[in-house]
Protein chains: 2
Amino acid sequence: MSVGIRHDDLRRRNRAMVIAAVRRAGQPSRTEIAATTGLSHSTISAISSDLIGEGILTESKPSEAGSLKRGRPQVGLGLNPEAAAVMTVVLSLNFLSVAVIDYAGQVIAEEQRRLDTLTMPRDALVGECVAIVRRRLEDPDLDVRSVARIALAIQGITDTRARAMLWSPITPHTDIAFADILEGEFGIPATMENDCNMMAIALRWRDPQRYRDDFIAILLSHGIGMGLVLKGELFTGTHSSGGEFGHMIHRPNGALCRCGRRGCVEAYAGNYAIWRNARQMSEDAEPVADVSDADMRALATAARERDGPEREAYRKAGEALGYGLGSLFALIDPAPVAMVGVSAAAFDLIEPALREAIAQTAGGQHSKSISFDTEPNELPLIREGCAMRALTFVDQEIFAPGTQTRSGLGGKNVA
Amino acid sequence: MSVGIRHDDLRRRNRAMVIAAVRRAGQPSRTEIAATTGLSHSTISAISSDLIGEGILTESKPSEAGSLKRGRPQVGLGLNPEAAAVMTVVLSLNFLSVAVIDYAGQVIAEEQRRLDTLTMPRDALVGECVAIVRRRLEDPDLDVRSVARIALAIQGITDTRARAMLWSPITPHTDIAFADILEGEFGIPATMENDCNMMAIALRWRDPQRYRDDFIAILLSHGIGMGLVLKGELFTGTHSSGGEFGHMIHRPNGALCRCGRRGCVEAYAGNYAIWRNARQMSEDAEPVADVSDADMRALATAARERDGPEREAYRKAGEALGYGLGSLFALIDPAPVAMVGVSAAAFDLIEPALREAIAQTAGGQHSKSISFDTEPNELPLIREGCAMRALTFVDQEIFAPGTQTRSGLGGKNVA
DNA sequence: TCTATTTTTTCGAGCCTCGAAAAAATACTG
DNA sequence: CAGTATTTTTTCGAGGCTCGAAAAAATAGA
């Protein structure tokens, strides 16, 4: 069960803490680090001297040009971009994109590719992923010997251990152990992440003020996904990536969902559902495979112009999202929400019904104070999230290694 | 933000770990403790010698009568019952009960009282609680100078910090800071806990095999409550005790709930809802204040005898619970469920519809493998949970004190 | 150039855990 | 019944880590 703290863990954890402080703060001085970590100046001095010696951190002389203060000027510590690199692989509908990122977080190489993910055979899909990674790794223009971690994100359900995709709407194939495949191929540790979880992580790094300990990222796209951070930690299911907000039941025995079941939130709020309602098709109509972003934008425009089936479709979407959030907020208490994806651009059409619905629920007691943010473009968020995920892994497991993660704090999902 | 580990924390945490190991295992030897904690024998020896010296642990000579093994016999370590005592206060509908428990977990005194909680003025309710605690504390037959902690449980919503009751169905009054009141009155640290959370904690201590890291306790009583343990930790909302499973929305705009809203799970599965449906009253009918356990049992008997409105009422309850669990399992993945409370005795009437409903949901994919346990009597569970809650507090915060819980691991809800 | 001020490093003290060896306590063996 | 094997527990020195205080370093103002 829970495990004691050994003496050697101490240094390891405090090293990790110093690295984390630098990654968060950018260019903090040793004094600032001492303040945020609560450790003594001597300890910080010793640890950072080690880290600089190992090439993980660097000193960056002039922290601020206008140094008005009296005494010895602070010298900022920064991450050494050359200490390592990580790679992100984002696999979405008909689209594959990779990036190589240096240790300081800058993108140093990219490649993107269109694929027909819905019809590709299993081997071809895996093969494309392996090939694109290989091309980046073998790029002679780039010194990427030091790629220390690969983070792969996909729409759909992954397992808690971040090894495999269990199910995804972008391909008919299931249970692909991408992480193991890439590790086997390149000998680089890899993880298989859920796209919405990566969005949540990215939001936290982008705007730590707003998205700190408790917040929700909801992907409004062809399907409905969610990434949830509670008490500062990424929330996942116990077996799967979990957080399948889109498949909470909105109306028992209701509209047909892409998952084959009935009445899911997604069956009212996913792009295909909005499309189906806007075209006044039956709720039993088979969900279409994909609706283009352009079509969705046209739908939104029409809904804004006149009161018709399009507007009603968005209203229904808002209602489903509102009741779904209400149920969620009954469990976890309300928190700020970020709406991401194409339909987030139509949030003006969704919001009224959403707020009305949520006000009918226990979780929506203070519905007016629940704030919504919108971000129409999910891909950059997912990429950033993957990058931070991979980088913090390097921070913790490679540059602050130790008594190899015994059971204890191993699987913490610090966002 | 997250704080470094100081050198003095080390001993503190390892002390806490040893105490916890003893509480879990009962009479473990030093060697067993070393094995479960992963610490060295020397460390365990040093720490347990301290703890014995301080009167927290005791050695209990003959661990097993039939010691067949060869070498030096193990000497068991146990909790010293006199090291401290705690008090539990359980406030439920028309009923108030307290118990004094020694450090080893044995009840050493009890008192119970009937009250008319629904109509009592606020001051009287608080006054009764204070008075009953005072009577136990001042009991001359008992040496209870050393009560180190009071845990108070109530049906309803409490705040995350476990200081106050925010709302409860047993009284019209809201926002009563019971924990602060008792602390102020007696100078003993107190907490205000949610009843269902205590049930979950108790289940974990009763049957750690079955209820280990992930499970759900659902109270089927006048209202519907839930206690949830995820990844070994009690799950609570971010502001409130959270986990208001009973107020997830089952049918938008559906049956009238006791909370004044419509379509909550509870509005179909709470005793009043089953009663309302069994009597073929309108779903809009005002929920009755209370249905006696005897009446509920009569209802169940009738439902078992013939196919009529009673049976249909239980079917509807099962359906609501099933869809609710389905939505919950979409978020957290399926886990074992314990059904507690009067209506758990009628689970045979509820289960078929519940399983049918859950099979319609994404979370119920493997619905057959989800196991349900029943326990008709919630009160003993709540009491035990409070006792363990209070005792583990004493273990950690009083007998392993240190750098006073800075932000870091402060609020962990280890069940 | 000297002084005040702030940051960073150095150094010894005090703990803590660990491993190895010793001590303690029992069962087996002839 | 004495001696040996075995297992548990304690003891002891070594090695690490963090801390506080003091020293050193680096700058702005006078």
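The values are calculated or read from the model by the stated rules, or taken from the named source; none is laboratory data. Small disclaimer: the values here were computed from a predicted structure and weren't measured. Virtual Cβ from ideal backbone geometry, glycine too; neighbours counted across all protein chains shown. Keep in mind that these areas ignore ligands, DNA and RNA; they rest on the heavy atoms of the full protein, side chains included. Shrake-Rupley method; radii C 1.70, N 1.55, O 1.52, S 1.80 Å.
Please give the per residue volume of the convex hull enclosing the alpha carbon atoms of region B:226-345, rounded to a whole number of Å³.
Values: hull volume 14.1 nm³, N = 120.
Spelled out: Cα convex hull of region B:226-345, divided by residues, is 118 Å³.
Nearest 100 Å² is fine: how much accessible area is buried between B and A, summed over both sides, with a 1.4 Å probe?
Details: alone 19260 and 19270 Å², together 33830 Å².
Counting protein atoms only, the buried area is about 4700 Å².
Just how large is the dipole of chain B about the Cα centre, in debye to the nearest 20, putting +1 at every Lys and Arg Cβ and -1 at every Asp and Glu Cβ? Let's see the in-between values first.
On the way: 45 positive and 52 negative charges, 244 e Å.
Its charge dipole is roughly 1180 debye.
Using the Kirkwood radius built from alpha carbon pairs, what does the Stokes-Einstein equation give as D for region A:4-162 at 25 °C and 0.890 mPa s, in µm² per second? Can you show the working numbers first?
Values: Rh = 18.6 Å.
So the translational diffusion coefficient is about 132 µm²/s.
Sorted by accessible area (1.4 Å probe), largest first, how do B:Lys61, A:Lys231 line up?
Working: B:Lys61 145, A:Lys231 105 Å².
Greatest to least solvent exposure: B:Lys61, A:Lys231.
Where only protein heavy atoms count, and the probe is 1.4 Å, what is the accessible area per residue for chain B in Å²? Display every interim value, and only then the final one.
Numbers: 16910 Å² over 415 residues.
Result: 41 Å² per residue.
Around A:Val75, under 10 Å between beta carbons, what's the net of Lys plus Arg minus Asp minus Glu among the other residues?
Working: positive: A:Arg30, A:Lys61, A:Arg72; negative: A:Glu59.
Here the charged neighbours net out to +2.
Any idea how far apart A:Arg122 and B:Ala359 come out in nm if each label point goes 7 Å out from Cα toward Cβ?
Those two pseudo-labels are separated by 2.8 nm.
Taking each label point as 7 Å beyond Cα in the direction of the beta carbon, state the distances from A:Asp293 to the same residue in the other copies, shortest first, in nm.
Copy-to-copy label distances at A:Asp293, shortest first: 6.1 nm.
Can you list the distances in nanometres, one decimal and ascending, from the A:Ala177 label point to the identical position in each other copy, with the point 7 Å along Cα to Cβ?
5.6
Can you list the copy-to-copy distances for B:Ser42, using a point 7 angstrom from Cα toward Cβ, in nanometres, shortest first?
Distances to the matching label points in the other copies: 2.3 nm.
What's the average, rounded to a whole number, of partner chain beta-carbon atoms within 10 Å of each residue's beta-carbon in A:322-329?
What the average comes to for A:322-329 is 5.
Can you show me the helix-derived [θ] at 222 nm for the protein assembly as shown, built from DSSP H runs with n ≥ 4 at -39,500 (n - 2.57) apiece and divided by the number of residues, rounded to the nearest 500.
Values: 24 runs with 310 residues, N = 830.
Computed ellipticity for the protein assembly as shown at 222 nm equals -12000 deg cm²/dmol.
If you take every residue apart from B:Ala359 with its C-beta less than 11 Å away from the C-beta of B:Ala359, what net charge results, scoring Lys and Arg +1 and Asp and Glu -1? Working shown, then result.
On the way: positive: A:Arg261, B:Arg355, B:Lys368; negative: B:Glu356.
Overall, the nearby charge balance is +2.
What fraction of the DSSP beta bridges in region A:207-376 is antiparallel, stated in percent and rounded to the nearest 5? All intermediate terms of the calculation are to be shown ahead of the outcome.
Values: 11 of 19 bridges.
Roughly 60 percent of the beta bridges in region A:207-376 run antiparallel, per DSSP.
Counting DSSP beta bridges with both partners in the protein assembly as shown, what percentage is antiparallel, nearest 5?
Numbers: 72 of 112 bridges.
Within the protein assembly as shown, antiparallel bridges account for around 65 percent of the total.
Work out the P(r) tail for region A:7-79: percent of alpha carbon pairs separated by more than 17 Å, whole number.
On the way: 1033 of 2628 pairs.
Tail of P(r) above 17 Å: 39 percent of Cα pairs.
Highest mean first, how do B:221-230, A:331-340, B:374-383 rank when packing is the count of other Cβ atoms within 10 Å averaged over residues? Walk me through the intermediate numbers first.
On the way: B:221-230: 27.3, A:331-340: 23.0, B:374-383: 20.0.
Order by mean packing, descending: B:221-230, A:331-340, B:374-383.
Leaving out ligands, DNA and RNA, what percent of the accessible area of the protein assembly as shown is carbon and sulfur, probe 1.4 Å? Write down the numbers at each step before the final one.
Details: 16570 of 33830 Å².
About 49 percent, which is the carbon plus sulfur part of the accessible surface.
Averaged over B:8-19, how many beta carbons belonging to a partner chain fall within 10 Å of each residue's beta carbon? Write out the running numbers ahead of the final one.
Working: counts 0, 2, 6, 1, 1, 3, 3, 1, 2, 5, 1, 0.
Per residue, the average neighbour count from other chains is 2.
Would you mind checking the tilt of helix A:41-53 against the longest principal axis of the Cα atoms of chain A, expressed as 0 to 90 degrees and rounded to 10?
Tilt of helix A:41-53: around 90 degrees.
Any idea what the relative contact order of chain B is, in percent, if you count C-alpha pairs under 8 Å spaced at least 6 apart?
On the way: 804 pairs, mean separation 61.3, N = 415.
Dividing the mean separation by the residue count of chain B yields 15 percent.
So what is Rg over Rh here for the protein assembly as shown, counting just Cα atoms and using Kirkwood for Rh? Write down the numbers at each step before the final one.
Numbers: Rg = 28.5 Å, Rh = 28.9 Å.
When Rh is taken as the Kirkwood radius, the ratio is 0.99.
Rounded to the nearest 20 Debye, what is the dipole magnitude of the protein assembly as shown about its Cα centre when Lys and Arg each give +1 and Asp and Glu each give -1 at the C-beta? Let's see the in-between values first.
Numbers: 90 positive and 104 negative charges, 284 e Å.
Magnitude of the dipole: close to 1360 debye.
How big is the charge dipole of region A:87-196 about its Cα centre, in debye rounded to the nearest 20, if each Lys and Arg gets +1 on its Cβ and each Asp and Glu gets -1 on its Cβ? Don't skip to the end; give the middle numbers.
On the way: 10 positive and 17 negative charges, 24 e Å.
Once rounded to the nearest 20, the dipole reads 120 debye.
Any idea what the relative contact order of region A:7-79 is, in percent, if you count C-alpha pairs under 8 Å spaced at least 6 apart?
On the way: 74 pairs, mean separation 26.4, N = 73.
Rounded, it is 36 percent for region A:7-79.
Return one number: the angle in degrees, 0 to 90 and rounded to the nearest 10, between the long axis of the Cα atoms of helix B:378-393 and the longest principal axis of the Cα atoms of chain B.
Tilt of helix B:378-393: around 30 degrees.
Angle, helix A:347-359 long axis vs. longest principal axis of chain A, Cα atoms, 0 to 90°, nearest 10?
Taking the Cα atoms of chain A, the angle to A:347-359 is about 90 degrees.
Considering only DSSP beta bridges where both residues belong to region B:115-211, give the percentage that are antiparallel (nearest 5).
For region B:115-211, the DSSP antiparallel bridge percentage is about 40.
B:Glu312 accessible area, nearest 10 Å², 1.4 Å probe?
About 70 Å², rounded to the nearest 10.
Just counting partner chain Cβ atoms within 10 Å, what average do the residues of peptide B:237-245 show around their Cβ?
Counting other chains' Cβ atoms within 10 Å and averaging over B:237-245 gives 6.
How much length is gained if the chain between A:Asn94 and A:His41 is pulled fully straight, taking 0.36 nm per residue apart and subtracting their Cα-Cα distance, in nm to one decimal? Present the calculation step by step, with values, prior to reporting the outcome.
Numbers: separation 53, 0.36 × 53 = 19.08 nm, distance 5.20 nm.
This chain segment gains 13.9 nm when fully extended.
Once the convex hull of the alpha carbons of chain A is built, what does its volume come to per residue, in cubic angstrom?
Details: hull volume 71.9 nm³, N = 415.
Value for chain A: 173 Å³ per residue.
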